[in-house]
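Have a look at the structure below before the remarks.
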Amino acid sequence: MCSKLKIADGDLFIIGHLLEVTCSLEQMFLLLRRWSRTEHMKPMFIGRIGPYLFLNTADPDIIEDIISASKHLEKSTLYRFLDLWLGKGLLTSTGTLWHTRRKILTSAFHFSILQNFISIFNEGGDKLVETIKQDSKDSVDVVPLVSDATLHGINSTSMGAKMESIEGGIKYKNNVGKITYYSAWRCVRPWLFNDIFYYYFTSNGRKERQLLRSSHAFIDDLIKRRAAGFQVFDVDNEISFGQGRKKLAMLDLLLNEKIKNNAIDNQGIRDEVNTFVFEGHDTTASNLSFMLMLLACHRDIQDQVYEELQHILGPELSREPTYADLQEMNLMERCIKESLRLYPSVPFIGRIASEDIVTKAGIIPKGLSINIHIYDVHRDPQYWPDPETFDPSRFLPENCRNRHPYSYIPFSAGPRNCIGQRFAILEIKSILCKIFKNFILEPIDTPESLVLVQELTLRSVNGIKVKFVPRINKNK
Ligand code: HEM
C-alpha cells in the first residue's frame, strides 16, 4: 500500500522539488493550488525538499482519517519555526502539556463568559467606524483597520486589558505581519532550518529576532499590568451564571492556575498569551477583510444582510446588538461561513502521523509530516459546485444535509479544533453590525484583483480595498 504514495510532478534527483518551491510566496501559493488540483496526484501526494518529505492532501476522507481521531495530535515540523515566538502555547504544544492547557483554557471560552464580551466587541466596532469616517479616501485598505479592531477585541476581553498604548498595538500588529512572512519564507528553505545559523548568521533571521523581542515586550507588558494587584478567585463562581464578575479574562484564569494550583509557570503564561493574542486577532481580521470585499462585490446580498439586521435591531439598526441578537443573524452567519469557505483564514494545517494511518489511497507511514490544504478542500467542485462563486445559500440547512463533514473545516476539526471559533463569530458579527449601520460597501478590489499568499494566515499581498459610502439614516 505504501508504494501507492505518489510523488508530485517535477521531483529531481537528491533535491526533490527544492527548485520549484524556493520561489516567492505568491508563486508558492499558485504552485500548491496547481499541485492540489492535478488529477493524477489526487488524493494525496508527496512533496520533497531534499531529504524532507511532506505528504499533502485536500481529500475530505483522508483528512477525516487524520484529524478526527485523538491520535495524530502532534503538529508538523513546520510549526517548529514558531518556537521562538509562541513557545509551547496551545497551537504548537503536544502531549500531556497540550491536554492540560486545553482543559484549563476551555473554560475561558464558555458561552457564559463570551456573552459578557459583546459590549466590548460593540465598542471595538464603534471605534473602527470612527476611524473609517476620518479616513475620507474613496478606496480604503481594510486590513490594517480591522486588525486594530480585532487586536483591541482580544486584548480587552481575554487579556482583560484596555489598549493602553495604541502605538504599541500598531507596532505589534505590524511585527506579526513580518514574523509570519519570515516563517513562511523559511519553511521551504532547508539551509535555513538550523536555528543558530538562521537567527544569528542571516539577515532575515536577525531581523526576525528583533521583531520577536519587540512583540514579546508588548505581550510581557500586557501580562505585567494584569498581574499587578491580581487576586485569586474561585473559577466555578466566575463561570456560573448570577455570581462572580463573569467577564473572566483568559489571562486571569492562567494567573489563577499559577498562584493557586501551580499548574503553569511564567513562561507558560507568556507562551499562551503570545499564542492567543496572535491567533485571536490575525485570523479574525483576515476573515473580516475578505468578507467586506465579498459583500462589497455582492450588493444584493449586502442589502439582504442589512434587511435582516433591521429586522433584529430595529429600523436603522438603532439598538446595540446583544448576544441573543447575534445568534439570530442567520444570513450574516451564512455569509461568514461562505467567506471562510472561499478565504479560510488558516489555509493549511500540519500534523505528524503518530502511527501508520490506513486511508483509502494507501498507508501514510508513521512519522511523516502531513500538510492539509483547507483552501483546496473548500474549492473542490466535487463538494462545492461552481466553487469560485460566493453563494451563502450553500449553508442553508437543507443544502448542508448530505455534505461530507470534512469538506468544510475552516476551524479544523476533531480534538485540536479552534478553541476560539465562537469568540471569532461573535466578534465578526458585532463589528459587521456597526459597519452596516453606518456604511454601504462598494467594490474596489474583487476576487480577481487579489494576489493571495499563505503565511500562517491567508493574506492579500496588496491589501484589500473597499469603498465605504456613508449610509444616510433618516433619523440623523
Ligand atoms: C475566523 C477566525 C478563526 C479561524 C478561521 C481559526 C482557525 C483555526 C484553525 C484552522 C485552527 C487549527 C490550527 C492547526 O491545527 O494548526 C485553529 C486553532 C486554534 N485557534 Fe483559531 N481560528 C480563528 C479564531 C481564533 C480566535 C478568535 C482564537 C482565540 C481567541 C483562536 C485560537 C486558536 C488556538 C489557541 C488554536 C490552537 C488550538 C489547539 O491546538 O488546541 N482562534 N484555529
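The values are calculated or read from the model by the stated rules, or taken from the named source; none is laboratory data. Computed from a prediction, not measured in an experiment: that's the story for all the values here. Positions of Cβ are backbone-derived with ideal geometry, glycine not excepted, and every protein chain shown enters the neighbour counts. In case anyone asks, the SASA skips ligands and DNA or RNA and just uses the protein heavy atoms, side chains included. Shrake-Rupley method; radii C 1.70, N 1.55, O 1.52, S 1.80 Å.
The table for this structure:
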| quantity | calculated |
| --- | --- |
| Top-ranked residue in segment 252-261 [being within 16 Å of the ligand (Cβ to nearest atom) and of a type in the set (A, V, I, L, M); ranked as farthest from Leu90 (Cα to Cα)] | Leu253 |
| Complete set of residues in segment 262-279 that are of a type in the set (Asp, Glu), more than 9 Å from the ligand (Cβ to nearest atom) and buried (at least 23 other Cβ atoms within 10 Å of the Cβ) | Asp271 |
| Odd one out for Tyr198, checked against (1) modelled with pLDDT of 95 or more; (2) surrounded by fewer than 16 Cβ atoms within 10 Å (Cβ to Cβ); (3) more than 26 Å from the chain's Cα centre (by Cα) | (2) |
| Any hit, segment 233-253, residues being on the phi > 0 side of the Ramachandran plot, outside any helix (DSSP H, G or I) and either among the charged types (D, E, K, R) or buried (at least 23 other Cβ atoms within 10 Å of the Cβ) (or both) | yes |
| Of all residues making up segment 171-204, the number that are in a helix (DSSP H, G or I), more than 17 Å from Asp83 (Cα to Cα) and of a type in the set (S, T, N, Q) | 2 |
| Selected residue (only one of Ile120, Ile132 is in a helix (DSSP H, G or I), open to solvent by less than 20 Å² (accessible area, probe 1.4 Å) and more than 16 Å from the ligand (Cβ to nearest atom)) | Ile132 |
| Members of segment 52-90 found to be of a type in the set (A, V, I, L, M), touching a Lys or Arg at 6+ places or on another chain (Cβ under 6 Å) and surrounded by fewer than 20 Cβ atoms within 10 Å (Cβ to Cβ), listed by number | Leu73 |
| Selection from segment 59-75 of residues that are modelled with pLDDT of 95 or more and hydroxyl-bearing (Ser, Thr, Tyr) | Ser68 |
| Filtered residues of segment 288-309 (kept if exposed (fewer than 15 other Cβ atoms within 10 Å of the Cβ) and touching a Leu at 6+ places or on another chain (Cβ under 9 Å)) | Arg299, Glu307 |
| Qualifying positions in segment 426-457 - under 17 Å from the mean Cα position of the chain (by Cα) and either under 17 Å from Lys127 (Cα atoms) or in a helix (DSSP H, G or I) (or both) | Leu426, Glu427, Ile428, Lys429, Ile431 |
| Selection within segment 87-117 - within 11 Å of the ligand (Cβ to nearest atom), in a helix (DSSP H, G or I) and touching a Phe, Trp or Tyr at 6+ places or on another chain (Cβ under 7 Å) | Phe109, Leu114 |
| Single condition Ser339 does not satisfy, out of (1) in contact with an Asp or Glu (Cβ under 8 Å, 6 or more places away or on another chain); (2) buried (at least 16 other Cβ atoms within 10 Å of the Cβ) | (1) |
| Helices (runs of 4 or more DSSP H) within segment 280-374 that include 3 or more residues more than 16 Å from the ligand (Cβ to nearest atom) and in contact (Cβ under 8 Å) with a residue 24 or more places away in the chain | 299-313 |
| Residue match in segment 166-178 (condition: within 16 Å of the ligand (Cβ to nearest atom), farther than 30 Å from Tyr52 by Cα and of a type in the set (S, T, N, Q)) | no |
| Condition met for Glu427 (acidic (Asp, Glu), open to solvent by 20 Å² or more (accessible area, probe 1.4 Å) and touching a residue at least 12 places away in the same chain (Cβ under 8 Å)) | no |
| Residue pairs meeting the criteria (Cβ under 9 Å; at least 6 apart or on separate chains; first over 15 Å from Arg471 (Cα atoms), in segment 129-143; second aromatic (Phe, Trp, Tyr) and not in a helix (DSSP H, G or I)) | Asp135/Phe468; Val140/Phe468; Val142/Phe468 |
| Which numbered condition Leu32 misses (of (1) open to solvent by 60 Å² or more (accessible area, probe 1.4 Å); (2) under 20 Å from Thr180 (Cα atoms); (3) of a type in the set (A, V, I, L, M)) | (1) |
| Number of positions in segment 135-170 that are assigned to a helix (DSSP H, G or I), under 30 Å from Thr77 (Cβ atoms) and not aliphatic (A, V, I, L, M) | 2 |
| Selection from segment 396-409 of residues that are open to solvent by 20 Å² or more (accessible area, probe 1.4 Å) and in contact (Cβ under 8 Å) with a residue 40 or more places away in the chain | Leu396, His404, Pro405, Tyr406, Tyr408 |
| Selection within segment 33-76 - more than 16 Å from the ligand (Cβ to nearest atom), hydrophobic (A, V, I, L, M, F, W, C) and touching a residue at least 40 places away in the same chain (Cβ under 8 Å) | Met44, Phe45, Ile46, Ile49, Leu53 |
| Residue list for segment 376-425, filter: assigned to a helix (DSSP H, G or I) and within 11 Å of the ligand (Cβ to nearest atom) | Gly414, Pro415, Arg416, Gln421, Arg422, Phe423, Ala424, Ile425 |
